[in-house]
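Note sheet for the following structure.
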Amino acid sequence: RHARLFQAQNGDAGQGRQCSGRKGQDLAIRVPLGTLVYDDDTDELIGDMNVIGNRLLVAKGGFHGLGNTRFKSSTNRAPRKTTKGTPGEKRNLRLELQVLADVGLVGLPNVGKSSLIRQVSKAKPKVADYPFTTLYPHLGVVQMGEGQSFVIADIPGLIAGAADGAGLGTDFLKHLSRTNLLLHIVDAGTCESSVELVEQISVIEHELRSYDEALNQRERWLVLNKIDLIAEEKQTQLRNVLRNSLEWSRPVYMISAVTGAGCKILMQAIQAWIAEQQRRREESQA
């Protein structure tokens, strides 16, 4: 976190009696899974550390020098020629972390994203009644049975202008690019009207579109949270109003992250969707 200069060990000089100098040891820098490595001077992407155990060569050591015995021949039995070794490469690197998750939570601040990930996994992100309690992504593993699980990422809340750097800006929008499914969490319990709810949804859609149109086109489900604050007879009505107002054809789920109502049904649907995507990939590769 705090080191800025990394230097591999220098090799030793050669010695008498045809002894080679000792090679310098490689320097390995451990980075989190999902780290993108850039050459900061050229902005070239050198590699993507997205597989556990992968190694990436970012700077190569110099070539060793040659002693006089390397120039010995039948006509030159006692050469006096040697060469110096070459210096190793120097590079200015920029490391960017993009979390690896199956599902990403997106929405305005204080809509209940952290409460949901606490409800469905063992992750314990901070929960409070003020904006931006989540300052960095939290990952939680949702266990659905033996051999069935997926990773869900709690992304800090977005506000209008996030794609241009407002609030926590693009620092966290980039994490969504690695997720396969987005859950658009909306606070349905404290909105005074369906018009206000539609405005909430439109803000996030605009930011996704402004940041990356491909991200806006990704599979995204609408999740109306805090239904424990809404009368049962109004819940279905609200769902239908949103479908018509937004012309929304994708799934809509009603949950309460606090009480857990609807959360199990949502997680089961996600697991089924992930399994279906995996089956399609295997069929296309066959």
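Table for the structure above
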item: Segment Ser245-Val31, extension gain: residue separation times 0.36 nm, minus the distance between their alpha carbons; result: 72.5 nm
item: Label point distance in nm, Arg178-Ala59, each placed 7 Å from Cα along Cα→Cβ; result: 2.4
item: Glu219 versus Lys234: modelled label distance in nm, points set 7 Å from Cα along the beta carbon direction; result: 3.3
item: Spatially proximal lysines relative to Lys113 (Cα-Cα < 26 Å; intrachain offsets below 8 disregarded); result: Lys122, Lys124, Lys126, Lys174, Lys226, Lys234, Lys264
item: Label point distance in nm, Asp43-Gln268, each placed 7 Å from Cα along Cα→Cβ; result: 4.9
item: Segment 176-272: trypsin sites (Lys or Arg not before Pro) in DSSP coil with no more than 10 other Cβ atoms inside 10 Å; result: none
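A short reminder: the numbers here are calculations on the coordinates, not readings from a lab. What you see is a predicted model; the values in this text were computed from it and never measured. Virtual Cβ from ideal backbone geometry, glycine too; neighbours counted across all protein chains shown.
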